[in-house]
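A.B. asks: Pasting a structure here, questions to come.
The values are calculated or read from the model by the stated rules, or taken from the named source; none is laboratory data. Remember, it's a predicted structure, so these values are computed and weren't measured experimentally. Because the Cβ atoms are built from the backbone with ideal geometry, glycine has one as well, and the counts that use them run over all protein chains shown.
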Amino acid sequence: MSSPKVSIIMGSQSDWQDMEHASKLLTELGVNHECKIISAHRTPQRHHEYVTTAKERGVQVIIAGAGMAAHLAGVTAALTTLPVLGVPMKSDMHGIDSLLSTVQMPGGIPVGTLGVGKHGAKNAALLASGILALNDAELDARLTQWREKQTDNVPHEPQTIQAV
Ligand code: RP5
């Protein structure tokens, strides 16, 4: 098995219910990845060690999910030139705090920010796959096939859902 090309990190176990969707999609697309709980403020040394060695371990894209004063993606991006995709987590403020914290990076340290919660996590996985697919024709074909299947699954007419 080759080394993980995508790293999914999250600030807390509580983020996994949404970040799991990124992992599931990467698995579906055959993208080797790893998932870690690493907090920029609760485990700062673990975070520093992990991110500064990621590139030499073969990681090509980092997906970082965090909530509230969500600095995980920004601090991660500060420590590496790998592309960092930020996924804001839901919170008591419906994720608005997480979204603004993740997206509003001052110029110089970019974080590619996705939507809040599980939809953002899924799109982060698709975007990471698209980045890797630039240099992987087989992955590009799988990604294209995934898109075609999604299109085929959209019905032409709405169905009435029977109330139980
Ligand atoms: C952030 O604080 C985490 O990413 C999480 O979204 C939020 C709350 O963490 P827990 O209190 O649920 O561990 O660091």
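A.B. asks: From His48, His33, which residue is over 25 Å from Leu139 (Cα atoms), more than 15 Å from the ligand (Cβ to nearest atom) and not basic (Lys, Arg)?
C.D. replies: The unique qualifying residue is His48.
A.B. asks: Do any residues in the stretch 40-63 that are over 16 Å from Val111 (Cα atoms) have Cβ atoms under 7 Å from those of residues that are within 16 Å of the ligand (Cβ to nearest atom) and of a type outside the set (A, V, I, L, M, F, W, C), where the two are at least six apart or on different chains, and which pairs are they?
C.D. replies: Within 7 Å, the pairs are His47/Ser39; Tyr50/Lys36; Ala54/Ser7; Val59/Ser7.
A.B. asks: So which residues in the stretch 8-29 are crowded, with 20+ Cβ neighbours inside 10 Å, out of contact with any Cys (no Cβ under 6 Å at 6 or more places or on another chain) and under 18 Å from Tyr50 (Cα atoms)?
C.D. replies: Ile9, Met10, Gly11, listed by residue number.
A.B. asks: Which fully enclosed helices (runs of 4 or more DSSP H) of the stretch 1-101 have 1 or more residues being farther than 20 Å from Ala128 by Cα?
C.D. replies: Working: elements: 16-28, 44-52, 72-79.
Passing ranges, in order: 44-52.
A.B. asks: So which residues in the stretch 51-75 are surrounded by 15 or more Cβ atoms within 10 Å (Cβ to Cβ), away from the ligand (no atom under 16 Å from the Cβ) and more than 13 Å from the chain's Cα centre (by Cα)?
C.D. replies: Within the stretch 51-75, Ala54, Val59 meet the criteria.
A.B. asks: Inside the stretch 131-164, can you point out the residues that are part of a loop (DSSP other than H, G, I, E, B) and of a type in the set (Val, Ile, Thr)?
C.D. replies: Val154, Thr160, Ile161, Val164
Every residue, every condition in (1) closer than 15 Å to Leu29 by Cβ; (2) touching a helix residue (DSSP H, G or I) at 6+ places or on another chain (Cβ under 6 Å); (3) not polar (S, T, N, Q), yes or no:
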| position | (1), (2), (3) |
| --- | --- |
| Met89 | no, yes, yes |
| Gly95 | no, no, yes |
| Gly108 | no, no, yes |
| Thr113 | no, yes, no |
| Lys122 | yes, yes, yes |
| Leu126 | yes, no, yes |
| Ser129 | yes, yes, no |
| Ala133 | yes, yes, yes |
| Asp136 | yes, no, yes |
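A.B. asks: Does Leu132 meet the test of being away from the ligand (no atom under 16 Å from the Cβ), in contact (Cβ under 8 Å) with a residue 12 or more places away in the chain and touching a strand residue (DSSP E or B) at 6+ places or on another chain (Cβ under 9 Å)?
C.D. replies: So Leu132 fits the description; yes.
A.B. asks: While we're here: Would you call Ala78 modelled with pLDDT of 95 or more, on the phi < 0 side of the Ramachandran plot and within 16 Å of the ligand (Cβ to nearest atom)?
C.D. replies: Numbers: modelled with pLDDT of 95 or more: yes; on the phi < 0 side of the Ramachandran plot: yes; within 16 Å of the ligand (Cβ to nearest atom): no.
No: the conditions fail for Ala78.
A.B. asks: What residue, among those in the stretch 1-21 that are modelled with pLDDT of 95 or more and closer than 11 Å to Val59 by Cα, is nearest to the ligand (Cβ to nearest atom)?
C.D. replies: Per the criteria, the residue is Ile8.
A.B. asks: Tally the residues that are among the small types (Gly, Ala, Ser) and closer than 19 Å to Cys35 by Cβ, restricting the search to the stretch 78-97.
C.D. replies: 1
A.B. asks: Here is a check on your reading of the model: is Pro83 more than 11 Å from the ligand (Cβ to nearest atom) and more than 13 Å from the chain's Cα centre (by Cα)?
C.D. replies: Values: more than 11 Å from the ligand (Cβ to nearest atom): yes; more than 13 Å from the chain's Cα centre (by Cα): no.
Criteria not met by Pro83.
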